[in-house]
Each structure stands twice: as C-alpha cells, then as structure tokens.
1. Output the number of the condition that Met1 fails; it satisfies all remaining conditions of (1) at pLDDT 95 or above; (2) over 20 Å from Tyr194 (Cα atoms); (3) away from the ligand (no atom under 14 Å from the Cβ).
2. Scan (1) more than 15 Å from the ligand (Cβ to nearest atom); (2) more than 19 Å from Ala17 (Cβ to Cβ); (3) assigned by TED's automatic domain parsing to the domain that holds Gln23 for the single condition Arg97 breaks and write down its number.
3. Within region 134-210, considering only helices (runs of 4 or more DSSP H) that don't extend past its boundaries, which have at least 1 residues that are small (Gly, Ala, Ser) and within 18 Å of the chain's Cα centre (by Cα)?
4. For region 49-63, what are the residues that are touching a residue at least 24 places away in the same chain (Cβ under 8 Å) and in contact with an Asp or Glu (Cβ under 9 Å, 6 or more places away or on another chain)?
5. For region 10-26, which positions are within 10 Å of the ligand (Cβ to nearest atom) and either touching an Asp or Glu at 6+ places or on another chain (Cβ under 6 Å) or farther than 16 Å from Arg188 by Cβ (or both)?
6. Please go through region 12-36 and pick out each residue that is open to solvent by 40 Å² or more (accessible area, probe 1.4 Å) and in contact (Cβ under 8 Å) with a residue 60 or more places away in the chain.
7. Would you confirm, using the coordinates I've provided, whether Thr186 is surrounded by 12 or more Cβ atoms within 10 Å (Cβ to Cβ) and either touching a Ser or Thr at 6+ places or on another chain (Cβ under 9 Å) or on the phi > 0 side of the Ramachandran plot (or both)?
8. Looking at this structure, is Ala107 open to solvent by 40 Å² or more (accessible area, probe 1.4 Å), within 11 Å of the ligand (Cβ to nearest atom) and part of a helix (DSSP H, G or I)?
Amino acid sequence: MSIDLYYNKFSGPSRAALMTVRQLNIDINLKQLDLSAGEHMTPEYLAINPNHKVPTLVDGEFVLWESRAIMQYLCNRYAPDSTLYPKDPKKRALVDRSLNFDFSFLAQLSEVMAAKIILGIEPPADKVTAVNGSFKLLDQLIGDNRYITGDNLTIADLSLVTITPYLEQGGIDLNLYPNVQRWADTLRDELPYYEEINIISQAEWDTQVEKYRAIMGAKPE
Ligand SMILES: N[C@@H](CCC(=O)N[C@@H](CS)C(=O)NCC(=O)O)C(=O)O
C-alpha cells in the first residue's frame with residue numbers, strides 16, 4: 001500500500017512530518033505542492049484536505065492532516081515501540097506537552113517572522129516580547145537535556161527544530177538562549193536527513209519571499 005505525503009519545503013509542519021517519515025524509515029511518495037501557485041486550493045486537494053494546508057498524509061484509504069497528528073499516527077501505526085513517541089504515559093505526556101506548547105509558539109513566531117521576512121517591517125513590540133518569553137521558557141525546559149524531553153530524540157524535537165530556517169531569515173540570535181542553541185546544533189549535526197530537509201538556500205528564500213510579496217501586495221521598506 002502506498003503512502004503519500006503532500007508537502008512544501010517552506011512549511012515547518014511539512015518538514016516535521018517528513019523528518020518523522022525518514023526517522024522511521026517509512027517509504028512514501030512525496031507530493032510537492034507549490035502554495036504560492038495555489039496548488040493547495042485545487043478541487044482535488046480540497047477533497048482530501050478541506051483546510052487547504054500542508055502537510056497531508058494519505059495512507060491507503062486513510063487521510064490525515066495536522067502535522068502533530070501525522071507524526072503521532074506514523075509512530076503509533078508503524079513503530080509502536082519506538083522511543084520517538086514513547087509508550088510510557090509520563091514520557092508520552094511530556095512529548096505531548098511540547099507538541100502543544102510548540103503549536104502556540106509557532107503561531108506567535110510566524111506572525112513575527114512574516115512581518116520581518118515578507119512585509120519587511122518591524123513586528124509589534126508586544127509580539128516580539130511574547131516570542132522572546134517563549135524562547136526563554138524553552139531554554140529553561142531544555143536545561144541540560146540533550147533533547148527536549150530528556151535523553152531520547154522524540155517527535156517533540158522534530159516538530160520544534162523546523163523553526164531554525166526561519167530564525168536565520170528573521171535575524172533571531174539563538175546565542176541569547178544557549179540551551180536552545182546547543183539543542184539545535186545537536187539535531188543539525190546528528191540527524192542524517194537534517195540538511196536535505198531543513199536547509200533552504202538564500203536564493204530559494206528570495207524567490208519564495210518575492211512570490212508571497214506579490215500575492216500579499218506587500219511593499220517592503
Ligand atoms: N497546524 C498545522 C499548520 C499547517 C500550516 O499552517 N501549513 C501552512 C504552511 S506552513 C499552509 O499550508 N498554508 C496554506 C493555507 O493556509 O492555505 C499543522 O501543523 O499541520
């Protein structure tokens with residue numbers, strides 16, 4: 001049975017789902033969608049994901065969207081004993097907490113990043129303060145841990161690490177958060193698929209940002 005993953009490289013949630021696929025060595029057909037060309041708004045795609053977002057997983061008859069649910073499903077279905085999504089209720093709860101935390105953190109961060117990267121304006125000060133507060137909290141949560149929830153890599157790490165390409169573009173200095181920096185460096189160095197999935201060249205960014213600016217009618221300063 002074939003598994004399709006609808007995906008876009010500039011989408012952190014898509015990259016998180018793809019890293020889970022790679023970590024679990026699952027064979028998939030990667031279906032690239034160009035969001036700036038509206039490929040997520042076609043009747044065919046809306047039929048499988050009426051929320052018109054990426055990623056979406058199609059596993060036989062089963063269709064699932066929302067990246068965190070996809071990551072959890074892949075572990076439950078294809079690697080139920082993997083420490084990537086631990087079975088122990090307390091360990092699993094800490095992974096779930098991080099996935100819930102990063103859901104709201106990513107919403108904060110994407111507002112700030114969209115202002116900086118696409119609109120080319122300074123984001124509102126209160127939004128920047130909220131993002132900085134979340135980074136500080138994340139730094140505390142990681143502490144001396146190698147990974148977000150302790151000694152094992154989990155889907156919490158794969159979900160959160162997808163923010164790193166945005167940080168470089170948005171000029172956020174992780175040196176202010178040394179534990180976050182060390183954690184991000186660890187994942188970049190040790191995940192064999194990290195570079196292939198998460199490194200986006202400056203030329204690719206520039207092209208993408210131009211397309212979004214055109215769509216949004218944004219005129220950067
Ligand atoms: N909570 C969703 C967020 C997915 C999401 O926002 N995807 C964006 C790209 S990063 C998207 O597809 N946007 C297109 C749209 O909303 O029409 C998840 O984790 O899968």
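1. If we test Met1 against (1) at pLDDT 95 or above; (2) over 20 Å from Tyr194 (Cα atoms); (3) away from the ligand (no atom under 14 Å from the Cβ), just (1) comes out false.
2. For Arg97, the failing item is (3).
3. Passing ranges, in order: 155-160, 164-170, 178-190.
4. Once the filter is applied, which keeps residues that are touching a residue at least 24 places away in the same chain (Cβ under 8 Å) and in contact with an Asp or Glu (Cβ under 9 Å, 6 or more places away or on another chain), region 49-63 yields Lys53, Pro55, Thr56, Leu57, Val58, Asp59.
5. Within region 10-26, Phe10, Ser11, Pro13, Ser14, Ala17 qualify.
6. Pro13, Arg22, Gln23
7. When the stated conditions are applied, Thr186 does not pass them.
8. When the stated conditions are applied, Ala107 passes them.
The values are calculated or read from the model by the stated rules, or taken from the named source; none is laboratory data. Owing to the predicted nature of the structure, the values given are computational and were not obtained by experimental measurement. Methodologically, a virtual Cβ is constructed for each residue, glycine included, from the backbone with ideal geometry; neighbour enumeration extends over all protein chains shown. Remember, those area values only see protein heavy atoms, side chains included, never the ligands or the DNA or RNA. Shrake-Rupley method; radii C 1.70, N 1.55, O 1.52, S 1.80 Å.
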